[in-house]
Each structure stands twice: as structure tokens, then as C-alpha cells.
Amino acid sequence: MRVSFDRIADRYDITRSLPKDTMEQVVDALEMVVDSRKPILDVGVGTGRFALPLHIRGQEIVGIDISEKMLEKARAKGLEGLVISDVCRMPFMDKSFGVSMSVHLLHLVSQWKCALEEISRVTSERYVSVASFREDSPAEEMRNYYEGRCKELGYEVRHPGLRERELGDLLKPDLISLVAVHEEIVSPKDRIVGFEKRIFSSLWPVPEDVHAQAVRDLREEFKDVESLLEKESIYLLAWKIATLERYLVRD
């Protein structure tokens with residue numbers, strides 16, 4: 001199973017953006033670990049959220065995605081070297097890239113080990129990701145409440161694959177570094193609209209009756225809450241390809 005973001009391509013950048021200073025911190029950190037004599041592969045490049053600033057800084061980027069609409073957005077920004085491709089069947093020679101990166105991709109791929117095997121095949125040096133942790137964020141109470149209601153109503157919200165940060169629990173990264181902590185005050189009413197419109201991919205498979213009831217309950221639960229703090233700790237994770245290959249063979 002692969003999850004295409006065609007349905008949200010027009011809204012993706014608005015709903016997934018980081019403040020400019022935070023984004024610069026993340027790109028600064030990325031630039032230090034993706035620099036290579038070979039091209040860099042962005043697996044699940046999407047609209048080019050991370051590939052574009054790296055490209056502007058002079059990095060040679062090739063990006064793949066299964067969503068043509070997301071790639072159209074990336075091309076419109078000036079990105080080249082974009083290929084529509086399945087992560088488990090990439091049209092590249094072995095060790096074509098020095099570094100591969102994926103950000104918020106593996107949880108969308110049920111065969112995530114196949115994806116890692118293919119990434120390892122086409123990469124010679126390291127695999128890099130940016131991981132977000134929001135467990136300590138009061139705003140996460142809304143997501144937890146929604147998912148809890150869905151479960152009570154008979155549907156468990158889950159991703160088909162494994163988050164890159166969860167890979168770190170299975171295989172210790174060769175590099176893990178806190179890059180930035182982003183905090184902002186958010187409106188519960190606005191967030192509920194986001195849930196209602198299913199802006200997050202984990203909400204797309206939720207049956208309509210379950211989703212509608214969970215949103216109604218969410219609105220009632222947070223009706224008197226005027227604001228919530230959202231806190232996001234952003235880490236850079238990197239694995240040597242040799243480390244990844246040993247894990248995949250052993251597993």
C-alpha cells in the first residue's frame with residue numbers, strides 16, 4: 001500500500017509549513033549531512049519542501065514521488081530532476097546517489113522494509129531524515145481525543161507503515177541531533193476545521209460516520225478552549241548505509 005497525496009497537493013504547503021527561521025535551522029542541519037560528491041535523492045519529494053532550499057544552496061537533487069500533482073507543485077517552484085516513481089521500484093542504478101533522504105514518508109508505505117532496501121540499493125553513503133516529536137505538546141490532546149473517539153466507535157486510526165522516527169527505535173541512528181524546537185499558540189477551532197476537512201493522511205481512511213461523530217465530539221470537548229500551545233521538537237536522524245544494510249539482512 002502507498003498513500004498518494006494528490007488529494008491534498010493544493011493545500012499541502014499551507015498545512016505543513018514551518019516558520020522561516022525554524023525552516024532555516026532545519027535546512028542548515030540537513031545541508032551539513034547530505035553534502036556529497038554524488039547527487040542527493042529525496043524520496044517522497046512532494047512539493048519540494050526540503051529539496052528546493054537545498055537546491056537553491058547548490059546541492060544536486062533528484063526527487064521521486066508517486067503523486068503527479070505534488071510533483072507539478074515542485075516543478076512550478078523551479079525544481080528539476082523529478083521522477084514519478086514507487087519507492088520500492090526506483091529507476092536508478094545501484095549506488096547512484098551519495099545520500100538519500102525521506103521526511104514523513106515511511107509511515108505511508110506498508111512495505112517500509114522494501115522501501116529501505118531500495119533506498120540502500122541506490123545509495124552509497126547515508127540515509128537521512130527529519131523527525132518531529134509532539135508528545136509534550138498540549139495541542140496533541142486534540143489528535144489523541146479524536147483518535148480515542150474513533151477507536152471507541154470501532155475504527156482504530158493508524159498509518160500503514162513506520163515513521164522514520166520509529167525506525168530509530170528499531171535501529172539506533174549513527175547521528176541524532178536536536179535541530180529546533182518550534183512553539184506556537186494555535187486555535188482549537190481552526191484545528192477542528194482541519195480535522196473535519198481531513199488534512200492529515202491518517203484521517204483519510206476513517207469511515208464517514210465515525211469521522212463525523214468524532215469531529216462532533218471533538219468540537220464539544222474543546223468548545224470552551226480558546227487556545228492551545230503546540231510544541232514540536234525537530235531532530236535530524238542519519239544512518240550509514242552499511243548500518244542500514246546490516247539491519248535489513250539481519251531482520
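The values are calculated or read from the model by the stated rules, or taken from the named source; none is laboratory data. Remember, it's a predicted structure, so these values are computed and weren't measured experimentally. Quick reminder, even Gly has a Cβ in these numbers, built from the backbone with ideal geometry, and neighbours come from all protein chains shown.
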Return a yes/no flag: does segment 175-192 have any residue that is assigned to a loop (DSSP other than H, G, I, E, B) and over 18 Å from the mean Cα position of the chain (by Cα).
yes
Can you name the residue in segment 122-135 that is more than 19 Å from the chain's Cα centre (by Cα) and surrounded by fewer than 22 Cβ atoms within 10 Å (Cβ to Cβ) and is also nearest to Ser85 (Cα to Cα) among such residues?
Val122
For segment 220-247, enumerate the residues that are within 22 Å of the chain's Cα centre (by Cα) and assigned to a strand (DSSP E or B).
Leu229, Glu230, Lys231, Glu232, Ser233, Ile234, Tyr235, Leu236, Leu237, Ala238, Trp239, Lys240
Apart from one, (1) within 17 Å of the chain's Cα centre (by Cα); (2) farther than 16 Å from Ala139 by Cβ; (3) of a type outside the set (Gly, Ala, Ser) all hold for Ile199; the odd one out is (2)
Please work out which residue is farthest from Pro160 (Cα to Cα), limiting yourself to segment 184-231 and to residues that are hydroxyl-bearing (Ser, Thr, Tyr) and at pLDDT 95 or above.
Ser227
Among the residues of segment 37-64, which ones are crowded, with 17+ Cβ neighbours inside 10 Å and in contact (Cβ under 8 Å) with a residue 60 or more places away in the chain?
Ile40, Leu41, Asp42, Val43, Gly44, Phe50
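I'm checking my understanding of the structure. Among residues of segment 119-154 that are in contact with a Phe, Trp or Tyr (Cβ under 9 Å, 6 or more places away or on another chain) and of a type in the set (D, E, K, R), which one is nearest to Leu171 (Cα to Cα)? Working first, answer last.
Of the residues in segment 119-154, the ones in contact with a Phe, Trp or Tyr (Cβ under 9 Å, 6 or more places away or on another chain) are 119-133, 141-143, 145-146.
Narrowing the set further to residues that are of a type in the set (D, E, K, R) leaves 121, 125-126, 141, 143.
Numbers: Arg121: 18, Glu125: 17, Arg126: 14, Glu141: 29, Arg143: 27 Å.
Ranking the candidates gives Arg126 first.
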Answer from Val103, Val99 - the residue that is part of a strand (DSSP E or B) and surrounded by 18 or more Cβ atoms within 10 Å (Cβ to Cβ):
Val99
Do we have Lys172 as part of a loop (DSSP other than H, G, I, E, B), surrounded by fewer than 16 Cβ atoms within 10 Å (Cβ to Cβ) and not polar (S, T, N, Q) here?
yes
Please list, ordered by first then second residue, the pairs with beta carbon atoms under 9 Å, 6 or more apart or interchain, first in segment 208-236 and under 16 Å from Glu147 (Cβ atoms), second of a type in the set (Gly, Ala, Ser) and part of a helix (DSSP H, G or I).
Ala214/Gly148
Residues satisfying the stated conditions in segment 6-27, i.e. surrounded by 14 or more Cβ atoms within 10 Å (Cβ to Cβ) and in contact with a strand residue (DSSP E or B) (Cβ under 8 Å, 6 or more places away or on another chain):
Leu18, Thr22, Gln25, Val26
Restricting to segment 111-121, give me the number of residues that are touching a strand residue (DSSP E or B) at 6+ places or on another chain (Cβ under 8 Å) and surrounded by fewer than 20 Cβ atoms within 10 Å (Cβ to Cβ).
0
Going through segment 65-81 one residue at a time, which ones are closer than 21 Å to Val26 by Cβ and not in a loop (DSSP other than H, G, I, E, B)?
Asp65, Met70, Lys73, Ala74
